[in-house]
Amino acid sequence: MIVAIANQKGGVGKTTTAINLAAALALRGKRTLLIDLDPQANSTMSFLDMATVSRSVYDAIAEPAVALSDVIIQSPFENLAIAPSRIALAKLEAKLVGEMDAHFRLKDKLESLLAEYPNVVIDCPPALGLLTVNALVAATHLLIPIQSSYFALEGTDDLLETFEKVRQRPNPALKLLGVLITMHDRRTALARDIRAQIQKVFGTSVFNTVITKSIRLEESPAYKESIFTFAPDSSGAAEYYRLCEEVIDRV
Ligand code: ATP
Ligand code: MG
């Protein structure tokens, strides 16, 4: 399974979901690769010290001679490896202009690694450009985090249009794994309304698991830990663990 976590809206919980879903899969004994495709490198920084990152996914995608395995770093956690990002990724679009295989670079580089990493989680940047398209072309599944907020559904049409385009040609096997409601506040009527609205639009695609607002989830990256080691008894840990189970059931 190769899950792309995408939504071109910024700050909706893509990175939080990518790092904790990857950590949950690793915790269940599954060899997992977390690919950070965002130049902001938030996933990378959530587990690694940037000073230890000399080469990134950028090098593997941009340079034919560099393999993805050359840039992968084992995280401090069992079963969890990371293909790190650096700000250089922001230059990729310009670098690949005119290259016929620009959209297929990640897919091609990932192919030989799937035996070693049966589970791959890709954290996408908040844009629908070349990086996100590379993720969707390489992926078997798309997971869309949607923040529980008044503007939650704004922009999802564009994301679904990109999803359909990728399915028409380069990757017909791509499936919508599900829509994940994040940063939900159970106490407010507005949040309940928004949840109902998201369910009306996406139906059974919406995961039963809802991620509630939690300071612990916000804090864990600062300590270079997933929620499972940072606050194993927190609601965030329980929710992301349940999400992982739902993901495994759906695949
Ligand atoms: P970007 O589009 O910039 O990549 P993103 O979609 O990856 O953002 P995150 O970085 O995961 O979003 O989350 C945005 C902010 O919200 C971060 O500060 C994160 O710690 C916080 N956050 C994410 N999920 C939760 C949650 N369930 N409860 C509280 N804070 C959260
Ligand atoms: Mg992010």
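The values are calculated or read from the model by the stated rules, or taken from the named source; none is laboratory data. As the structure is a prediction and not an experimental result, all values here were calculated from the model. Neighbour counts run over all protein chains shown; Cβ positions are idealised from the backbone, glycine included.
Quick look at the values:
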quantity	calculated
S149 vs. criteria polar (S, T, N, Q) and either touching a helix residue (DSSP H, G or I) at 6+ places or on another chain (Cβ under 7 Å) or modelled with pLDDT under 95 (or both)	yes
Evaluation of A90 against (1) in contact (Cβ under 8 Å) with a residue 40 or more places away in the chain; (2) assigned to a loop (DSSP other than H, G, I, E, B) (one fails), failing number	(2)
Members of region 12-55 found to be under 12 Å from A83 (Cα atoms) and away from ligand 2 (no atom under 16 Å from the Cβ), listed by number	T32, L33, V53, S54, R55
Candidate set from region 160-202 (those that are surrounded by 11 or more Cβ atoms within 10 Å (Cβ to Cβ) and among the small types (G, A, S)); member that is farthest from P145 (Cα to Cα)	A191
